[in-house]
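Taking it in order: structure first as structure tokens, then the write-up.
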Amino acid sequence: MFDSSDYPKPLDEALFETWFEEGRDKKIAYNYLLIIWNVLDEVYRPTYVENREELKSFETYPHNTGQEGLVAIFDLYSESRVILEN
């Protein structure tokens, strides 16, 4: 996953799949899986959010000015990618 020049490095598919499972198993009713790129550690990490309003607080990669940038958003239950309107 993310195996192109648009992304900082590939993401292991098996790890990606476990993030869906972990998100659905949490006690809080999360609806979205966010894939975040950590610039300093050079790793992807999952972040879970409950609603679309929370998505506005994340800066997108590579336009982020901080340590982390949002790479992609997925619906936890349909596993489809979510595209935000500007």
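The requirement of being within 25 Å of Glu13 (Cβ to Cβ), among the polar types (S, T, N, Q) and open to solvent by 40 Å² or more (accessible area, probe 1.4 Å) is not satisfied by Asn38. Can you confirm whether Phe2 is touching a Leu at 6+ places or on another chain (Cβ under 8 Å) and open to solvent by less than 30 Å² (accessible area, probe 1.4 Å)? Judged against the criteria, Phe2 is a match. Looking only at residues in the range 69-86 that are among the acidic types (Asp, Glu) and in a loop (DSSP other than H, G, I, E, B), the one that is most open to solvent (accessible area, probe 1.4 Å) is Glu85. If you go through the range 37-48 and pick out every residue that is more than 18 Å from Asp3 (Cβ to Cβ) and over 10 Å from the mean Cα position of the chain (by Cα), you end up with 4. Comparison of Gly66, Gly23 shows that the only residue that is among the small types (Gly, Ala, Ser), outside any strand (DSSP E or B) and either touching a residue at least 40 places away in the same chain (Cβ under 8 Å) or surrounded by 12 or more Cβ atoms within 10 Å (Cβ to Cβ) (or both) is Gly23.
Can you pull out the residues in the range 49-63 that are modelled with pLDDT of 90 or more and assigned to a strand (DSSP E or B)? Hit for the range 49-63 is Val49, nothing else.
Does Arg52 qualify as being free of Cβ contacts under 8 Å to residues at least 60 places away in the same chain, surrounded by fewer than 13 Cβ atoms within 10 Å (Cβ to Cβ) and of a type in the set (Lys, Arg)? Give the derivation first.
Values: free of Cβ contacts under 8 Å to residues at least 60 places away in the same chain: yes; surrounded by fewer than 13 Cβ atoms within 10 Å (Cβ to Cβ): yes; of a type in the set (Lys, Arg): yes.
Yes, satisfied.
Within the range 5-20, the set of residues being within 13 Å of the chain's Cα centre (by Cα), open to solvent by 20 Å² or more (accessible area, probe 1.4 Å) and in contact (Cβ under 8 Å) with a residue 40 or more places away in the chain comprises Tyr7 only.
The values are calculated or read from the model by the stated rules, or taken from the named source; none is laboratory data. All values derive from a computational prediction rather than experimental measurement. Here Cβ is always computed from backbone atoms with ideal geometry, including for glycine, and neighbour counts include all displayed protein chains. The protein model used for the area step is the full one, side chains on, heavy atoms only, and it has no ligands, DNA or RNA in it. Shrake-Rupley method; radii C 1.70, N 1.55, O 1.52, S 1.80 Å.
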